[in-house]
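Participant: Please see the structure below; I have some questions.
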Amino acid sequence: MNQQNTIFGTEEATVIPPTSDEKTLGMLAHILTIVASFIAPLVIYILKKDESSFVTAHAKESLNFQLTVIIAYFISWILVFILIGIPLLILVGLGSLILVIIATIRVSEGKMYKYPFCIRFIK
């Protein structure tokens with residue numbers, strides 16, 4: 001498989017091309033996090049974990065990233081009291097938005113995507 005690593009994450013071509021429905025659900029697992037945080041990928045993961053390995057992989061990746069972002073927000077809120085937290089909150093927000101958009105684009109291309117700064121809670 002052809003794997004490409006950048007500071008914006010790792011993308012890899014799939015062996016079996018995903019169907020249109022799989023791409024749509026994979027994209028939803030990423031893009032819905034803008035309005036629903038970790039809830040959207042969790043629901044998609046629970047509903048589709050036995051049906052599609054493509055959707056399952058993206059839902060897990062998105063869920064792991066959103067849990068990592070929640071931890072980063074929590075740490076940033078604590079650091080607000082020493083003023084470094086305010087720029088960190090902005091940085092975490094913009095960074096997560098940019099990475100979610102990149103992930104959504106990669107899924108629409110039918111590729112596997114891994115976020116660069118992500119703690120893998122669910123393997």
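Participant: For the chain, list the DSSP H helices whose alpha carbon atoms reach 24 Å or more along the long axis and whose average Kyte-Doolittle value is 1.6 or above?
Facilitator: Membrane-span-like by this rule: 85-108.
Participant: With the Cα gyration tensor of region 3-113 in hand, give its eigenvalues times 5 under a square root as the equivalent ellipsoid semi-axes, listed largest first in whole angstrom. If you can, show how the numbers build up before the last one.
Facilitator: On the way: eigenvalues 160, 46, 19 Å².
After diagonalising the Cα gyration tensor, the semi-axes are 28, 15, 10 Å.
Participant: Okay, helix-only estimate at 222 nm for the chain: each DSSP H run of n ≥ 4 adds -39500 (n - 2.57), divide by all residues, round to 500 deg cm²/dmol; what do you get?
Facilitator: Only helices count here, giving -20500 deg cm²/dmol.
Participant: For Cα pairs less than 8 Å apart in space and 6+ apart in sequence, what is the mean separation divided by the residue count of region 46-104, i.e. the relative contact order in percent?
Facilitator: RCO, region 46-104: 19 percent.
The numbers here are math on the coordinates, done by the rules we state, and not lab data. Because the structure is predicted, anything quoted here is derived from the model rather than measured.
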